[in-house]
Amino acid sequence: MSSDIEQRTPVSDPIADPGLPAHQYRPQDVDPAQEKRTERQIAGMFGVATLLLIGFCVAYFTIGKDQLIVIPGTNWSALNFTLGITLAGALLLIGVGIIQWAKKLMGDHEMIEMRHPAASSVEDRTATMAAVNDGIEESGIGRRPLIRNSLLGALGAMGLPAIVMLRDMGPLPGDTLAHTVWEPGMRVVNDVSGQPLRPADIEVGQLVNGQPAIFYETDDEGHAVMHGHDVLNAKAKAAVILVRMRPEDITPAEGRENWGIDGILCYSKICTHVGCPISLWEQQTHHLLCPCHQSTFDLADNGKVVFGPAYRPLPQLPLAVDDEGYLIAVSDFPEIVGPSYSFLDRDQKRLDEENA
């Protein structure tokens, strides 16, 4: 075999590079009248989209939830149908308008982009920003105020359905966080049996879990007055514990001398740290311990925090006895029940003003 390296001639491309075809100008590029007509069409799409979004909001407030569109074989909700048509139509028109703007009015010329390393150089970043600026210039957004303003109006109107739908997620809480279902004269009942409690039912050193009697009340037809998630939400704040200790061991704060009955005191079951339910009762020390984060409250001293991360004393419910000898609430909790939160001081001040 010969030791000479065979010299090979380069192989040409099997298919010749056809190059770029001749540039075809769009009607809008050569006819100013056609350009203006297209501009008005696009602005019209954005304008109709704005009207549809406004119509969405009007329909939401004017069409009843029970109104139907009767079609042979089926019945459609007039409200859902109108909301769907107006919102879908607005989104469609905005999308089509933007596409038409890009295809018919923005710069129309061929571009060749060579392959380059993944890492962008300073020159590439500079070129990119220049291309962005060129795109902005070619879009004509600065010299086409009709399209620009109509698009901004349509995009601004897009926020209206969002506001309406967010508002429809449920009623605003108002001041419900500052109140519970306890009312003057409402009986305290056993949490398990629902039976009203008398002072004689609770012994010294005993802790009893209680609830307001409204959770167990029924109407004339035998149906529960409160049911479903309403009961669960109310229980999260209204649950209480009753403890009995010797009256001489209690140190009531000023104004709370008559809040107990023969050594029986009633406190919220909800820890003021992060809202854990608590009932670990130490008879000898009169301390109530939260098992989750170890907050400890002295129930003989107005529910004061003696240990742990809790920020506020445990709210106390003032008690009395009705004509039949059952324990009842004198009022709602004078303090806000539940974990501490950033606006608690403000809400507590408002609650104090209401109770004054």
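The values are calculated or read from the model by the stated rules, or taken from the named source; none is laboratory data. Not measured: the values here are computed from a predicted model. With ideal geometry, Cβ positions are generated from the backbone for all residues, glycine too; neighbour counts draw on all protein chains shown. SASA here: full protein model, heavy atoms, side chains in, ligands and nucleic acids out. Shrake-Rupley method; radii C 1.70, N 1.55, O 1.52, S 1.80 Å.
Overview of results
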| read-out | value |
| --- | --- |
| Using alpha-carbon coordinates, inclination of helix 78-104 to the longest axis of the chain, degrees | 30 |
| Angle in degrees between helix 32-62 and the longest Cα principal axis of the chain, rounded to the nearest 10 | 20 |
| Trypsin sites (Lys or Arg not before Pro) within segment 23-83: DSSP coil, no more than 14 neighbouring Cβ in 10 Å | 65 |
| Check: the chain dipole with +1 on Lys, Arg Cβ and -1 on Asp, Glu Cβ, in debye | 1220 |
| Interchain or long-range residues, amide H under 5 Å from residue 210's placed H | 191, 240, 241, 242 |
| Residue 324-residue 148 pseudo-label distance in nm [points 7 Å out on the Cα-to-Cβ vector] | 7.7 |
| Positive-pole candidate from 21, 58, 309, dipole of the chain, charges at beta carbon | 21 |
| Viscosity 1.002 mPa s, 20 °C: Kirkwood-radius Stokes-Einstein D of the chain over Cα pairs, µm²/s | 76 |
| Relative contact order [Cα under 8 Å, 6+ residues apart], the chain, whole percent | 13 |
| Relative contact order of segment 179-355, defined on C-alpha pairs under 8 angstrom at six or more residues apart (%) | 24 |
| With Cα atoms, 0 to 90° folded angle of helix 229-238 axis to the chain main axis | 50 |
| Per-peptide average of other Cβ atoms within 10 Å, ordering 193-206, 324-337, 128-141 highest first | 324-337, 193-206, 128-141 |
| Euclidean distance between Cα centres, segment 46-105 to segment 267-297, Å | 55 |
| Heavy-atom accessible area per residue - segment 19-144, 1.4 Å, Å² | 69 |
| Segment 262-307 - accessible surface per residue (Å², probe 1.4 Å) | 41 |
| Solvent-accessible area, 1.4 Å probe, carbon plus sulfur percent, for the chain | 59 |
| Relative contact order (percent, whole number), segment 27-105, Cα cutoff 8 Å, 6+ residue spacing | 40 |
| Student exercise, segment 218-356 dipole from Lys, Arg, Asp, Glu Cβ charges, in Debye to nearest 20 | 740 |
| Test item: Cα-centred dipole of segment 27-105, Lys/Arg +1 and Asp/Glu -1 on Cβ, debye | 20 |
| From phi via Karplus (6.51, -1.76, 1.60), per-residue ³J(HN,Hα) for segment 138-153 in Hz, x at Gly/Pro | 5, 5, x, 5, x, 10, 10, x, 4, 5, 4, 5, 5, 5, 4, x |
| J(HN,Hα) series, segment 16-30, from Karplus relation 6.51 cos²θ - 1.76 cosθ + 1.60, nearest Hz, glycine and proline x | 5, 5, x, x, 8, x, 4, 5, 9, 6, 7, x, 5, 7, 10 |
| Cleavage-rule hits, chymotrypsin sites (Phe, Trp or Tyr not before Pro), segment 210-311, DSSP coil, Cβ neighbours within 10 Å at most 14 | 311 |
| 25 °C / 0.890 mPa s Stokes-Einstein diffusion coefficient of segment 179-355, Kirkwood radius on C-alpha pairs, µm²/s | 149 |
| GluC sites (Glu not before Pro) restricted to segment 225-282 and DSSP loop, no more than 15 other C-beta within 10 Å | 254, 257 |
| Equivalent ellipsoid semi-axes - Cα gyration tensor, segment 27-105, angstrom | 36, 12, 9 |
| Placed amide H near residue 68: partners under 5 Å, 5+ positions off or other chain | 78 |
